[in-house]
1. Quick one: check the C-alpha center-to-center distance for segment B:5-58 versus segment A:221-237, whole angstrom.
2. Using r as the Cβ-Cβ distance of residue B:65 and residue B:176, and R0 as 45 Å, what FRET efficiency do you calculate, to the nearest 0.05?
3. Given Cα pairs under 8 Å that are at least 6 residues apart, what percent is the relative contact order of segment A:32-174?
4. Bin width 5 Å, alpha-carbon pairs only: give the P(r) of segment B:1-94 as whole percents, running from 0 to the bin holding the largest distance.
5. Enter the angle in degrees (range 0 to 90, nearest 10) between the Cα long axis of helix A:49-73 and the first principal axis of the Cα atoms of chain A, meaning the one along which they spread out most.
6. Given DSSP loops and a limit of at most 12 other Cβ atoms within 10 Å, what is the longest stretch of chain B that contains no such GluC sites (Glu not before Pro)?
7. Roughly how far apart, in whole Å, are the Cα centres of segment B:207-234 and segment B:108-169?
8. Tell me, what is the FRET efficiency for residue A:311 and residue B:140 to the nearest 0.05, using R0 = 35 angstrom and their Cβ-Cβ distance as r?
Amino acid sequence: MRRAQLIALLALGTVATFLLSLMAGKVWIAPWGLAAGTPEALVMAELRLPRALLGLVIGAMLGASGAVLQGYLRNPLADAGVLGVSANAAFGAVLALFLGLSATPLLVAAFGMGGAVAAMALLALLAGRSASATGFVLAGVVLSSLAAALTALLISLAPNPFALEEIVTWLMGALTDRGWPQLWVVTPFAALGLGLLMLTGRALDALALGEAAARSLGVDLRATRWLVIAGTGLGVGAAVSVTGVVGFVGLIVPHLLRPFAGERPSALILPSALGGAILLLLADSLVRLSPGAGELKLGIAMALLGAPFFLWLLWRKRELIP
Amino acid sequence: MTLEISGLSLSRGGRPVLRDVSAAFAPGSVSVILGPNGAGKSTLLDAMAGLRAADAGTVRLNGVALADMPHRERARRIGYLPQGGEVHWNLRVHELVALGRLPHRGAFAGESGADRAAIARAMAAADVAALADRPVLALSGGERARVLLARVLAGEPELLLADEPLANLDPRHAVDALRLFRRAADAGAAVVLVLHDLQAAARAADQLLLLADGHCLAQGDPAEVLTPALLAEAYGLEMLVRQDAEAGLIVAPKVV
């Protein structure tokens with residue numbers, strides 16, 4: 001399949017899943033022909049539309065960050081979730097909630113980005129020491145566990161049951177009850193993060209030949225490292241601070257697209273952004289349709305889907321991993 | 001494009017690896033760096049590629065210190081083929097060869113006609129044109145080595161550095177590769193190879209550099225450097241050196 005065709009197809013899929021996300025729910029609402037002032041129009045304008053837009057922005061960010069992290073670390077198992085970047089962003093955001101800053105989404109996002117940047121910087125330092133694929137995944141496990149422990153510590157110290165419930169519900173990862181204010185916070189940072197990640201394409205291609213060859217091809221590894229840290233940190237940090245941890249999007253999407261887009265890392269970034277948006281919008285529409293009074297949390301649904309996929313990847317690639 | 005090294009010293013992790021090495025590499029010539037394991041050959045090549053900073057001494061390309069040269073310009077002038085044949089993604093052969101043109105492309109530009117022509121020339125020269133659409137990780141070791149060679153040729157560098165480019169090649173493809181380096185030199189490039197195969201070095205080189213323990217033991221044409229005395233000093237092994245009418249200089253360890 002030609003690249004232009006693939007991107008057109010993915011763009012079409014993004015529009016389709018976006019429409020689905022507007023329509024799907026306990027009540028199906030067609031997004032056209034709504035009379036102003038009706039409850040349906042209100043639900044559409046204040047709930048469905050911002051939620052679908054959030055799904056679009058965050059899915060694109062998570063998908064692109066997965067493609068870039070895999071290219072940068074030359075490791076098909078890399079992903080913001082697997083490597084603990086999301087968990088550290090979550091810890092940052094929980095710290096903000098713990099400190100009673102939940103009324104200011106911008107501050108929660110700033111704390112989330114701080115956690116993500118710190119985790120990315122640690123991983124990039126390890127990357128500079130050319131650790132093996134296994135080393136990275138292990139480092140990610142350590143970073144995740146540390147973040148989980150610190151988060152649990154904050155939960156156990158929560159000042160009152162309301163703060164506790166707020167933190168726990170948020171941690172499960174969802175787009176539920178997020179609206180325009182969250183969208184305005186996350187979009188600029190996600191756009192900036194995506195932009196920075198897009199700049200890394202050529203360096204990622206050269207890194208396919210190893211660091212020495214990449215440097216000989218004129219790649220500035222230090223600049224590339226900072227682009228990856230800043231792009232992932234800002235984008236994933238902001239996304240997690242709004243939705244909680246929604247894992248595995250960045251892991252699954254590049255894998256599904258490689259057979260069609262080819263393995264060149266730069267050729268995967270834009271398709272993975274579109275693919276991430278499709279996956280998240282689709283998953284979020286499906287959790288809204290889940291039976292029962294409440295709804296399945298998006299983060300839990302993605303983990304239930306993503307963890308077996310990760311295991312399957314490990315199984316299939318076991319002879320490739322040193 | 002003349003590369004001049006003067007008084008180069010370099011240490012790694014506090015251990016001196018190169019000590020006061022000086023040499024010049026002229027356009028149109030093939031030079032080979034020889035020496036036992038750990039003599040500092042790869043480190044010297046890295047320094048010549050501008051990838052490793054020196055403790056003392058300079059590396060100059062046509063009089064300009066490599067350390068002062070912008071990355072992009074250095075990358076356009078110097079082609080560097082590291083040892084080991086590292087490839088991380090299952091790229092198609094033509095995609096991998098095209099990576100050699102990265103320093104020639106504008107910031108957000110695609111491949112130009114000149115890029116495509118250079119890629120096609122390099123693939124034909126390295127005898128990999130027939131593999132263009134094959135995934136790299138499915139190739140044999142020798143095929144992959146030739147594809148990586150095509151990658152560095154595609155950049156059409158003025159200084160071509162290759163670290164053990166003959167590893168993994170069968171005798172025919174090794175001879176072909178040496179011819180390829182000769183052709184690059186005839187086209188005006190300065191070619192510098194690190195080799196372990198003394199026989200290949202004798203055959204390919206206009207100039208030999210024999211390194212031992214970080215310093216330059218001998219420098220000159222093959223007949224001057226490949227002598228039993230110098231080889232014994234460098235490798236700690238008794239060597240037989242014979243002039244043969246058909247094979248040229250024959251160098252082999254003595255059977256004890």
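Just so it is clear, none of the values below were taken in a lab; they were calculated from the coordinates. Just so it is clear, the structure is predicted and the values come from calculations on it, not from any experiment. No Cβ is skipped: glycine too gets one built from the backbone with ideal geometry, and neighbour counts run over all protein chains shown.
1. 34
2. Working: r = 36 Å, r/R0 = 0.79.
So the FRET efficiency works out to roughly 0.80.
3. Numbers: 128 pairs, mean separation 34.6, N = 143.
About 24 percent, as a whole number.
4. 3, 11, 22, 23, 19, 12, 7, 3, 1
5. Once rounded, the angle reads 10 degrees.
6. Numbers: sites that count: B:238, B:246.
Answer - B:1-237.
7. Centre-to-centre (Cα) distance: 31 Å.
8. Details: r = 32 Å, r/R0 = 0.92.
Calculated transfer efficiency: 0.60.
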